[in-house]
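Undergrad: Below are the structure tokens for one structure; questions will follow.
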Amino acid sequence: MINGKKKKIAFIVQRYGREVNGGAEYYTMQMAQHLKPYYEVEVLTSKALTYDKWEDYYMADTEEMDGITVRRFGVKWKRNRYIQRLLKILITRFGCNNLQMTALWNKVLGPYVPDLLDYVEAHKDEYDAFIFVTYMYYSAVFGMERVREKAIFVPTAHDEYNIYFKIYENVFHIPRRIVYLTEEEKKFVEGHFRNEDVEHRVSGVGVDLPGHIDAEQFRKKYGITGEYIIYAGRVGEDKGCGEMFRFFLRYAKEYRAAESRKDGEKLPQLVVIGKKHMEIPEKENVRYLGFVSDEDKYNGIAGAKFLWLPSQFESLSIAVLEAMALEKPVVVNGKCAVLKGHCAKSGGGLWYEGYEGFADAMKEMDGENYDVYCRKAKAYVDKFYRWDRVVEVWKDLIEGIANGTGGT
């Protein structure tokens, strides 16, 4: 505090709201809430709800949400996927990976919110620290350089095609501090950008669970009987969901045909929750429930055999940590170093690369070691993902920025 007044910090993120479905956005909301007791917290963001078009959804320029001031800025350009794909082809196939072309691609990617950056420029002296979440979007790429001495960067980075674009080369060298969510993310970023000289910490999140969890309530509400696997998150090809459905239906077909299957034994079931951005197979053992409440999400995970995350591109995965906190193991795509790391370090999950590996994981989760996976999953979260530890790391970083001193 300064003269009895809390220091003021701002999170800058591409979208923000209770209706928003996204990992980086959910992370921002959690961090804002847990830092609120110690700082005056604001969020600077766009008025968009979804990333597919970046259309303005929220009308108010400013609102109070759970004790936090949220300032929203209109998106100047709607997302044009045709132009974005054209620019991608020019960059990746025709040698146009230069600063000008990739900067244009970034603005077309959206959300293009120059008024947000103008606000930061005009009011930067009013804030003690600016926290930029996610490396990919316009607000971080063009915003950090305006407040570099007050900037803390949470890149949520992973190995994907656009991180090799020229526009991002300097971004990871700009901020005063970087917070990596996992050691795997840090290793990848430093290996690619050679930015070891930027002060940094590795700190994930804590896991908040509601006081009352009722798996049976979830079953009754949605008419689910028997064992099921659950997927929770955005349902899209970019999240590996196409492969997930292919693998699952192939496994179910082979399972149905297996001579060892007992008469009357039900097929494996896959329950899918989250906003849909692709077609979902209409099969008896695939249940798509749409975007559900947090209560239903936790109840659904608690009742599942395990949580399945097929994405290759994750920088942390709060869904995985929530499942582990609920004493549920996870099965993940082994091509994602972060997800594989969670499983290897905890012993609370399995990873696969290809269909045969997935089928082996399914069989292992039906085996005698299942309870061991459950216990180890919970122990991992209890040890490494506690809010008291996370908050102390952040307080140290923010105080260092505000006081002009080095972090530890």
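Undergrad: Could you list Tyr164, Tyr298, Tyr251 in order of exposure, starting from the residue whose Cβ has the fewest other Cβ atoms within 10 Å?
TA: Working: Tyr164 14, Tyr298 24, Tyr251 18.
Ordered by Cβ neighbours within 10 Å, fewest first: Tyr164, Tyr251, Tyr298.
Undergrad: To continue, here is another question. For segment 11-158, just the Cα set please: Rg and Dmax, both in angstrom.
TA: Calculated on Cα positions, Rg and Dmax stand at 15.5, 51 Å.
Undergrad: Which FRET efficiency value, to the nearest 0.05, do you get for Lys53 and Lys5 by plugging their Cβ-Cβ distance into 1/(1 + (r/R0)^6) with R0 = 41 Å? Numbers along the way, then the final one.
TA: Working: r = 40 Å, r/R0 = 0.98.
Step by step, r from the Cβ atoms, then E = 0.50.
Undergrad: How do His173, His277, His212 rank when sorted from fewest to most other Cβ atoms within 10 Å of their own Cβ? Working shown, then result.
TA: Working: His173 13, His277 16, His212 9.
Lowest count first: His212, His173, His277.
Undergrad: How high is the FRET efficiency between Ala379 and Arg219 when r is their beta carbon distance and R₀ equals 30 Å, given to the nearest 0.05?
TA: Working: r = 27 Å, r/R0 = 0.90.
E(calc), rounded to 0.05, equals 0.65.
Undergrad: For segment 197-215 and segment 272-308, write down the distance between their C-alpha centroids in whole Å.
TA: 22 Å
Undergrad: Summing Lys, Arg as +1 and Asp, Glu as -1, what charge do residues with Cβ under 9 Å from the Cβ of Trp351 carry, Trp351 excluded? The partial results should precede the final answer.
TA: Numbers: positive: Lys335, Lys340; negative: Glu353.
With Lys, Arg at +1 and Asp, Glu at -1, the net is +1.
Undergrad: Taking only C-alpha pairs under 8 Å that are 6+ residues apart, what is the relative contact order of the chain in percent? The partial results should precede the final answer.
TA: On the way: 743 pairs, mean separation 51.8, N = 408.
Across the chain, relative contact order equals 13 percent.
Undergrad: So how do Phe218, Phe193, Phe384, Phe165 line up by other beta-carbon neighbours within 10 Å, fewest first? It would help to have the intermediate numbers written out before the result.
TA: Numbers: Phe218 25, Phe193 18, Phe384 15, Phe165 21.
Ranking Phe218, Phe193, Phe384, Phe165 by Cβ neighbours within 10 Å, fewest first, gives Phe384, Phe193, Phe165, Phe218.
Undergrad: Grab segment 21-122 and count how many Lys pairs have their alpha-carbon atoms under 22 Å apart, sequence gap of 8 or more, or different chains.
TA: Total qualifying Lys-Lys pairs in segment 21-122 comes to 12.
Undergrad: How large are Rg and Dmax for segment 281-404 when only the alpha carbon atoms are used, in Å?
TA: In Å, with Rg to one decimal and Dmax whole: 16.8, 60.
Undergrad: Principal axis extents for the chain, Cα atoms only, whole Å, descending order, please.
TA: Ordered largest first, the chain gives principal extents of 71, 53, 42 Å.
Undergrad: I would also like to ask the following. Run the reach check for Lys266 against lysines, Cα to Cα strictly under 19 Å, same-chain hits fewer than 8 apart removed. What comes back?
TA: Partners within reach: Lys220, Lys253, Lys283, Lys305, Lys363.
Undergrad: Relative contact order for segment 215-384 using alpha-carbon pairs under 8 Å, separation at least 6, rounded to a whole percent? Show your work: numbers first, answer last.
TA: Values: 277 pairs, mean separation 36.4, N = 170.
Result for segment 215-384 is 21 percent.
Undergrad: With a cut-off of 8 Å between alpha carbons and a minimum separation of six or more residues, what is the relative contact order of segment 167-240 in percent? Before the final figure, lay out each step's value.
TA: On the way: 39 pairs, mean separation 19.9, N = 74.
Relative contact order, segment 167-240: 27 percent.
Undergrad: Quick check: the distance between the Cα centres of segment 103-170 and segment 26-97, to the nearest angstrom?
TA: Each part reduced to its Cα centre gives a spacing of 11 Å.
Undergrad: Ok, one more. Taking every pair of alpha-carbon atoms in segment 152-206, what share in percent sits in each 5 Å bin, from 0 to the bin with the longest distance?
TA: Result returned by the calculation: 4, 21, 35, 26, 12, 2, 0.
Undergrad: What are the GluC sites (Glu not before Pro) within segment 12-107 that DSSP puts in a loop, where the Cβ has at most 16 other Cβ atoms within 10 Å? Could you put the intermediate results ahead of the total?
TA: Values: sites: Glu19, Glu25, Glu40, Glu42, Glu55, Glu63, Glu64; in loops: Glu19, Glu55.
Within segment 12-107, the qualifying GluC sites (Glu not before Pro) (loop, at most 16 other Cβ atoms within 10 Å) are Glu19, Glu55.
Since every read-out is calculated from the coordinates, none of them should be taken as a lab result. Being a predicted model, the structure only gives us computed values, none of them experimental. We place every Cβ from the backbone using ideal geometry, glycine too, and count neighbours over all the protein chains shown.
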